[in-house]
Amino acid sequence: MMTHPTLAEHGAALAALVANASWTLKEAASVDPEEGVAASLELLSKVAGASRRVYVIGNGGSSAVASHVVNDLVNMTRTRAHTLSDPALLSCMTNDFGHDAAYSRILEVWCEPGDLLVAISSSGRSANICNAAITARRLGVGVITLSGFTAGNPLRQLGDVNLWLDSSNYGLVETGHAFILHHVTDRRAQQVKADT
């Protein structure tokens, strides 16, 4: 008979996962969690200060997390933030250029240097997400990545700031990403409030 963790055990696993999150900067330099959050806040602050835009992408549950992040950035920090998951546009790009290139094609049209991409993939292996991060870098766009599963996943190598959660449990990784992004947007909202 299969046993399941209790709610308290599951919550404790999430707390441990978030507390032990691995943060790296460009060239894979490891930093502690507060430095990782600070680096993320600096990128968001630069975007806002230059009146640039933030694009947030993911697939499936990570797409839902992306939408929530955009809600918070627009509502709480007055940042020009967008998801790229409009069904008609995304299905058009997928139909014409293939799933792996869909986000990249949209970014090539919309992005400008100084913008920011937040790329979320639980496995860190989603080709469309990795390709979007590569495209963003080519376009002079900052990149924050959030991934999980294996430490050597390709997405984790592509950001200016990279968050990795050491779990292969989709629910824990997605919830951990949502929690950490909530923390970052709450901190950004505090900065905005302090500056007004």
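Assorted remarks:
- Database remark: amide H of LEU117 closer than 5 angstrom to the amide H of TYR55, GLY142, VAL143, ILE144 (H placed geometrically; neighbours at sequence offset of 5 or more, or on other chains; Pro and chain starts carry no H).
- Separation in nanometres of the label points that stand 7 Å from Cα toward Cβ, at ALA127 and ASN71: 3.3 nm
- Site pair HIS99 and ASP186 shows an inter-label distance of 3.5 nm when each label is modelled 7 Å from Cα along Cα→Cβ.
- Kirkwood-based Rg to Rh ratio, segment 115-196, C-alpha trace: 1.03
- FRET efficiency, 1/(1 + (r/R0)^6) with R0 30 Å, evaluated for GLU34 and ALA64 via beta carbons: 0.65
- Cα-based shape type of segment 21-195, given that a ≥ b ≥ c are square roots of the gyration tensor eigenvalues and the cut on a/c is 1.5: rounded
- Measuring r between the beta carbons of ALA194 and VAL109 and using R0 = 35 Å, the FRET efficiency lands at 0.50.
We did not get these values from a lab; they are worked out from the coordinates using the rules stated. Just so we're clear, the structure is a prediction, and the values are computed from it rather than from any experiment. Glycine gets a Cβ as well: all are built from the backbone with ideal geometry, and neighbour counts include every protein chain shown.
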